[in-house]
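In what follows, a single structure is set out as structure tokens and then discussed.
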Amino acid sequence: MKQATMQGRSGAWTRRVSDLVKANHILVRQGVLDGYGHVSARSPDHPDRFLLARSLAPASVQADDIVELDLDSRPVGREDRQLYLERYIHGEIYRRRPDVLAVVHSHSPTVIPFGIGPVPMRPVCHVCGFIGPGVPLFEIRDTVGDRSDLLIRDQALGRQLAIALDDKAVCLQRGHGAVVVAGSIPQAVARSVYLELNARLQIQAITLAGGDRGINYLSAGESQATIETQGDFDRAWAAWCEEESRARGEDR
Ligand SMILES: [Zn+2]
């Protein structure tokens, strides 16, 4: 039985579900998500709930696939469909961070090397200022030892990840991926796309320089200033939405 239905929902709820569906598709087209990874949004009608697709490849997500969950990451209504194993990432971050309205968990490929080596990720250009002067790293081995499959399988692990994220926009997950949080769906999507871009550019800069020394990263003050001017990355979001609808229209 499908739990999500547009009937009886507020306009804000319907819009947020629609944006969440678009976010799934855009993040695949931008190379942040593939068959795995997920994006969620806080429910506009119930701040102690969040919206997340059932267990499905993000490119296939439609409005009927969106499930409403409580902060324990349990579905609010009856739900017989399979859910994402790592949904606890979202529930525990929404619980600890009232400022967060959207969360992306990805296996963003170019980001992963920064979670396993000695070079910290730092912002290389103005659209990446949200990265800030330091990106925390979640080391799952510290919680469960060396025999885990690296997945956030329960609430306790979700809580440890949320603690590692602290008040930042990004937390790397060693050997796995990253979480990105934001105050809106468009901002979470843009930050995820630009996190992948930053990783690529930083590796290029280090390669060009023959090492990490001498790279001129954004300062803490510059990073903060860019966050204040970027807002929701409205223009990028509009362009990606248009590209997505054009591509999907052509696919039909
Ligand atoms: Zn994962």
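The values are calculated or read from the model by the stated rules, or taken from the named source; none is laboratory data. Being a predicted model, the structure only gives us computed values, none of them experimental. We place every Cβ from the backbone using ideal geometry, glycine too, and count neighbours over all the protein chains shown.
Scanning region 126-140 for residues that are surrounded by fewer than 18 Cβ atoms within 10 Å (Cβ to Cβ) and within 16 Å of the ligand (Cβ to nearest atom) turns up Leu137, Glu139.
Of the set (1) surrounded by 15 or more Cβ atoms within 10 Å (Cβ to Cβ); (2) at pLDDT 95 or above; (3) hydrophobic (A, V, I, L, M, F, W, C); (4) within 13 Å of the ligand (Cβ to nearest atom), all apply to Val67 but (4). Listed by first and then second residue, the pairs linking a residue in region 137-165 that is without any contact (Cβ under 8 Å) to a residue 12 or more places away in the chain to a residue that is in a loop (DSSP other than H, G, I, E, B) and surrounded by 14 or more Cβ atoms within 10 Å (Cβ to Cβ), with Cβ atoms under 7 Å apart and 6 or more places separating them unless they lie on different chains, are Ser148/Ile140.
Every test in (1) more than 16 Å from the ligand (Cβ to nearest atom); (2) touching a residue at least 12 places away in the same chain (Cβ under 8 Å); (3) among the small types (Gly, Ala, Ser) is passed by Gly117 save one, and that test is (2).
Confirm whether Val103 is within 16 Å of the ligand (Cβ to nearest atom), β-branched (Val, Ile, Thr), in contact with a helix residue (DSSP H, G or I) (Cβ under 6 Å, 6 or more places away or on another chain) and modelled with pLDDT of 95 or more. Taking the combined requirement at face value, the residue satisfies it. For Leu27, the test of being over 13 Å from the mean Cα position of the chain (by Cα) and within 16 Å of the ligand (Cβ to nearest atom) is failed. Every listed requirement among (1) surrounded by 17 or more Cβ atoms within 10 Å (Cβ to Cβ); (2) in contact (Cβ under 8 Å) with a residue 24 or more places away in the chain is met by Ala220 save one, (1). Exactly one residue among Glu86, Glu79 is of a type in the set (Asp, Glu) and within 23 Å of Leu161 (Cβ to Cβ), and that residue is Glu86.
Is it the case that Asp34 is over 18 Å from the mean Cα position of the chain (by Cα) and either loosely packed, with under 15 Cβ neighbours inside 10 Å or within 13 Å of the ligand (Cβ to nearest atom) (or both)? I'd like the intermediate steps shown before the answer.
On the way: over 18 Å from the mean Cα position of the chain (by Cα): no; either loosely packed, with under 15 Cβ neighbours inside 10 Å or within 13 Å of the ligand (Cβ to nearest atom) (or both): yes.
No; evaluated as a whole, the condition is false for this residue.
Can you name the residue in region 189-206 that is within 15 Å of Ala102 (Cβ to Cβ) and within 16 Å of the ligand (Cβ to nearest atom) and is also surrounded by the most Cβ atoms within 10 Å (Cβ to Cβ) among such residues? Step by step, filter region 189-206, then rank; the result is Ser192. Residues of region 28-45 include none that is farther than 25 Å from Ala238 by Cβ and β-branched (Val, Ile, Thr). Set side by side, the residues Gln82, Gln62 differ, and just one is loosely packed, with under 15 Cβ neighbours inside 10 Å, among the polar types (S, T, N, Q), in contact (Cβ under 8 Å) with a residue 24 or more places away in the chain and within 16 Å of the ligand (Cβ to nearest atom), which is Gln82. Test Val39 against the stated conditions and say whether it is surrounded by fewer than 20 Cβ atoms within 10 Å (Cβ to Cβ), within 13 Å of the chain's Cα centre (by Cα) and within 16 Å of the ligand (Cβ to nearest atom). When the stated conditions are applied, Val39 does not pass them. The residue that is farthest from Ala205 (Cα to Cα), among those in region 101-125 that are buried (at least 23 other Cβ atoms within 10 Å of the Cβ) and under 16 Å from the mean Cα position of the chain (by Cα), is Ala102. Go through the residues of region 182-200 one by one and say whether even a single one is without any contact (Cβ under 8 Å) to a residue 60 or more places away in the chain, in contact with a strand residue (DSSP E or B) (Cβ under 8 Å, 6 or more places away or on another chain) and either of a type outside the set (Gly, Ala, Ser) or within 23 Å of Arg74 (Cα to Cα) (or both). No - not one qualifying residue is present in region 182-200.
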